[in-house]
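Enquirer: Handing you this structure, nothing more for now.
What follows draws every value from the coordinates through simple rules; no lab data is involved. Worth saying up front: this structure is predicted, and the values here are computed from it rather than measured. Backbone-built Cβ (ideal geometry, glycine too); neighbour counts: all protein chains shown.
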Amino acid sequence: MNIITLTVNPALDKSAKIDGLVAEQKLKCHSIKYQAGGGGINISRILTRLNIDSDCVFTSGGDYGNYLEKLLLEEKVHITAIATEENTRENFSIIDTKTNLQYRFGMPGSKISTSELDLIIAEINKKVKEHDILALSGSLGEGMPVDFYSKIIKSLDNKRVKIILDTSGPALVNGLEQPVYLIKPNQKELALLAGKEVLTDKEQEEFAMQLVTSGSVKYVAVSLGAKGAFLASKEGVIYQSIPTVEVKSTIGAGDSMVAGLIFGIKQGYAADKMLKYGVACGMATTMSESTNLASASAIKSVLQSLK
């Protein structure tokens, strides 16, 4: 069972700190860091730290794309970069050291041509074998068709692949036109999927179980912020609570949670242990500064703290 991750809208994540945010003044930045970012990329990065191999497939263009590739190779992530004519985007985050507040600036994704989209689908079909795990994670790029993930899932219909679909909005709705193995919405994304602004705790459980019993999804993992998460499956709904910790950054936390869930699937864990690993990876990343993801030691420490 191989693991392949796909990121069609990656970013070179740049973070910095400032000592006080003041409008209309030149502000001196320090503690500047660069990280490779994007849903599937972050999943592969966490899996590497858990000593699990994956094939990290992503689009890459221009100098930012080249630097992103370099960063991933330094982390010993196995990469497959699909060249694009337009440059890979850059995202930017700032931490104000006086308030410890974080400000995140997301740039629009690069446009991808029709021929480049066809190349992505062809590459995934070449790599993915029967019973593999494929994580389709992150937002779609600028102008990409909202049914792009759905097209990939349809193209793999006869391979019995475990599809992990971690996206939101129309891309998620379209992706669920075919059965998938696991989705990981947060509370707001789950509500929007149900066609509502907000769901009560009971409604969240009921809608997640409705997705499972309808055959749309085998597992629905819902992140609940400081309350932890729950996992819905044919066995019912289970919860994993978390202790109170200082949250330093939420960047990459959701992707890290997906990586932990995939780790559990790869190991053949029962639902409760699978959820525990997902929550531990996500929580450990929130304890890391800026765009840093959880270290292996941090994940191990959090696992020991979870009841």
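Enquirer: Would you please classify the overall shape of segment 104-209 from the alpha carbon gyration tensor, given that a ≥ b ≥ c denote the square roots of the eigenvalues, rounded means a/c under 1.5, and beyond that prolate means a/b larger than b/c while oblate covers the rest? Numbers along the way, then the final one.
Expert: Values: a/c = 2.48, a/b = 1.34, b/c = 1.84.
Oblate, because a/c is 1.5 or more while a/b does not exceed b/c.
Enquirer: Given the options ILE153, ILE79, ILE262, which has the most mean-square fluctuation in a GNM of the chain, springs set between C-alpha atoms less than 10 angstrom apart?
Expert: It is ILE79.
Enquirer: Hey, got a sec? Which GluC sites (Glu not before Pro) in segment 190-259 land in a DSSP loop and have at most 14 other Cβ atoms within 10 Å?
Expert: Taking segment 190-259 and a limit of 14 other Cβ atoms within 10 Å, the loop GluC sites (Glu not before Pro) found are GLU197, GLU235, GLU246.
Enquirer: Applying 1/(1 + (r/R0)^6) with R0 = 25 Å to the Cβ-Cβ distance of GLN178 and ILE52, what FRET efficiency is obtained, to the nearest 0.05? Provide the component values of the computation, followed by the final result.
Expert: Working: r = 26 Å, r/R0 = 1.04.
Efficiency for this residue pair is about 0.45.
Enquirer: When the chain is treated as a GNM, springs tying every alpha-carbon pair under 10 Å, which of LEU176, LEU140, LEU165 comes out with the largest mean-square fluctuation?
Expert: In this elastic network of the chain, the residue with the biggest mean-square fluctuation among LEU176, LEU140, LEU165 is LEU176.
Enquirer: Now, a different point. Please list, by residue number, every one of the trypsin sites (Lys or Arg not before Pro) in segment 194-244 that is coil in DSSP and has at most 12 other beta-carbon atoms within 10 Å.
Expert: LYS196, LYS234
Enquirer: Go ahead and estimate [θ] at 222 nm for the chain from helices alone: -39,500 (n - 2.57) per DSSP H run with n ≥ 4, summed, over the residue count, rounded to 500. The partial results should precede the final answer.
Expert: Working: 10 runs with 114 residues, N = 307.
When only DSSP H runs of four or more count, the value is -11500 deg cm²/dmol.
Enquirer: Looking at the chain as a GNM with Cα springs under 10 Å, which of LEU193, LEU231, LEU275 has the largest mean-square fluctuation?
Expert: LEU193
Enquirer: For segment 13-156, rounded, prolate or oblate, judged on the Cα gyration tensor with a ≥ b ≥ c (square roots of eigenvalues), a/c < 1.5 rounded, else prolate if a/b > b/c?
Expert: Taking the square roots of the gyration eigenvalues as a ≥ b ≥ c, segment 13-156 is prolate.
Enquirer: I would also like to ask the following. Need one number: % antiparallel among DSSP beta bridges in the chain, to the nearest 5.
Expert: 40 percent
Enquirer: Turning to a different aspect of this structure: Quick check for segment 171-262: number of Lys pairs with alpha-carbon distance under 28 Å, counting only pairs 8 or more apart or on different chains?
Expert: 21
Enquirer: Could you give each residue of segment 181-190 its phi-based ³J(HN,Hα) in whole Hz, using Karplus coefficients 6.51, -1.76, 1.60 with θ = phi - 60°, and x for Gly or Pro?
Expert: Ordered by residue, 3J(HN,Hα) equals 7, 8, 10, 9, x, 8, 4, 5, 5, 5 Hz.
Enquirer: Please go through segment 70-173 and write out the GluC sites (Glu not before Pro) that DSSP classes as loop and that have at most 11 other C-beta atoms within 10 Å.
Expert: For GluC sites (Glu not before Pro) across segment 70-173 that sit outside H, G, I, E and B with at most 11 neighbouring Cβ atoms in 10 Å, the list reads GLU130.
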